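One structure is given here, and the rest of the page talks about it.
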Amino acid sequence: MNFRSLLLTLTISAIAALAFFNWSTLATPTQVSLGLITVEAPLGLLMLGLTTLLAALFIAYVLWLQGSVLLETRRHGKEMQAQRELADKAEASRFTEMKAFLESRGQQTHAALMERIETLEARLLARANESDNTTAAYVGQMEHQLGTSKQLQE
């Protein structure tokens, strides 16, 4: 129990004890002025009744205040949940965009790499054909020279 609750409980207990021990004095009728008229009534009971009414109004106000705070807290909680969901959706869409971007970059890189490989393959094939032709020309020239040199020896 916190300090305020303890103080409130002690105050209510003191009022109840005073009312119990002094009931005959509280219930004694006396002249009470209500402003325009004067009536005979027990002043102590009137004051006790007004104190009870004030306490009831205070408790009703505290309950209303707590209820409004709870409703406001609930509303803020719902707003925060909606903002969290919105942020999660935005994050998910960013991940989707990043994945699509990386996939397109990967496809572009793959296409460029395949084009480069095909170009290099075509150059290598041309170079191999050129090398074959050169070798065949050298072999033909050697055969021709051997054929000429055999004819000279005979």
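The values are calculated or read from the model by the stated rules, or taken from the named source; none is laboratory data. Owing to the predicted nature of the structure, the values given are computational and were not obtained by experimental measurement. FYI the Cβ positions are ideal-geometry reconstructions off the backbone, even for glycines, and counts take in every protein chain you see.
Selection of the range 1-21 for residues being of a type outside the set (Gly, Ala, Ser) and surrounded by 12 or more Cβ atoms within 10 Å (Cβ to Cβ) yields Leu8, Ile12, Ile15, Leu18. Looking only at residues of the range 28-81 that are among the small types (Gly, Ala, Ser) and under 18 Å from Leu18 (Cα atoms), we find that the one that is surrounded by the most Cβ atoms within 10 Å (Cβ to Cβ) is Gly44. Each residue in the range 2-50 was checked for being assigned to a helix (DSSP H, G or I) and small (Gly, Ala, Ser), and 9 pass. One residue is enough: does the range 83-91 have a residue meeting the conditions over 21 Å from Ala19 (Cα atoms) and either among the small types (Gly, Ala, Ser) or in the same structural domain as Phe20 (by TED's automatic domain parsing) (or both)? Checked the range 83-91: at least one residue is over 21 Å from Ala19 (Cα atoms) and either among the small types (Gly, Ala, Ser) or in the same structural domain as Phe20 (by TED's automatic domain parsing) (or both).
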